[in-house]
Amino acid sequence: MRRALFVLAVALSLGGCVNFADPSGKSPEVVNYVLNDGTALASRTPVRAGAPLLLVLDTTAGGFYDTDQMVFARSPATRGYYQFARWTDRPGKRFAELMRARLDGQGAYRVAAAGGYVLGDLLLDTELIDFYHDASSEPGTMRLVLRAELIDLRQRTLLGRQTFEHTVPLARFDAAGAAAAADVAVGQALDALTAWLASLR
């Protein structure tokens, strides 16, 4: 029994999900990771004349993901938080910022955050369904599931609804590896989202 517990503790520590204090008695410092667009555009395209005004809502997330803590899973039915790794912003909030920047840089829309007194032509609503490090095997994968809806505000109709699923292998079995894979997953999701929006124009 003791041997099994020792093996489990070692596996968790290698995964970055649990960290042990060093011999001096000091706890490891929390590392904060910035979520980025892994395939961000190299240059911006000027907004075309007559481009519709696209209002982009903040991306929502389920209660367990609506936090700055990084999430991992040891099995499909479980979720946990990294002990000493955090995002600098909640993933939903940060994803919305990256999404607006990506859409704004493509020139197909005039992009603005939804809210206030701005009257738009279109409304984009997104939700992070899943966003976690699948650590059921080493080094695991980063999983991102995004649901999106595009609404025509002038006609008050739903133009389309789509779910995007992306799984990116980790290069290393720790929080840094999960953060790097998350950037790639976000970039892939934004690639797919912008292609889907273009198909609805």
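The values are calculated or read from the model by the stated rules, or taken from the named source; none is laboratory data. These numbers come from a predicted model, not from an experiment. Here the Cβ positions follow ideal geometry from the backbone for every residue, glycine too, while neighbour counts run over all protein chains shown.
How many residues, within segment 53-66, are surrounded by 15 or more Cβ atoms within 10 Å (Cβ to Cβ), over 12 Å from the mean Cα position of the chain (by Cα) and part of a loop (DSSP other than H, G, I, E, B)?
Within segment 53-66, residues that are surrounded by 15 or more Cβ atoms within 10 Å (Cβ to Cβ), over 12 Å from the mean Cα position of the chain (by Cα) and part of a loop (DSSP other than H, G, I, E, B) number 2.
Which of the strands (runs of 3 or more DSSP E) contained wholly in segment 91-201 include at least 2 residues that are touching a strand residue (DSSP E or B) at 6+ places or on another chain (Cβ under 7 Å) and free of Cβ contacts under 8 Å to residues at least 24 places away in the same chain?
Passing ranges, in order: 141-152, 157-169.
Regarding THR88, is this residue touching a Ser or Thr at 6+ places or on another chain (Cβ under 6 Å), at negative phi and at pLDDT 90 or above?
Criteria not met by THR88.
Would you point out the residue of segment 143-176, among those that are surrounded by fewer than 20 Cβ atoms within 10 Å (Cβ to Cβ) and among the small types (Gly, Ala, Ser), that is nearest to GLY62 (Cα to Cα)?
My answer is GLY160.
Taking GLU127 as meeting all but one of (1) among the charged types (D, E, K, R); (2) under 15 Å from the mean Cα position of the chain (by Cα); (3) closer than 20 Å to ASP104 by Cβ, write down the number of the exception.
GLU127 satisfies every listed condition except (3).
Looking only at segment 111-127, count every residue that is surrounded by 15 or more Cβ atoms within 10 Å (Cβ to Cβ) and more than 19 Å from ALA42 (Cα to Cα) and tell me the total. I'd like the intermediate steps shown before the answer.
Initial filter on segment 111-127 (surrounded by 15 or more Cβ atoms within 10 Å (Cβ to Cβ)): 111-112, 114, 120-127.
If we keep only those that are more than 19 Å from ALA42 (Cα to Cα) as well, we get 112, 114, 120-127.
Qualifying residue count, segment 111-127: 10.
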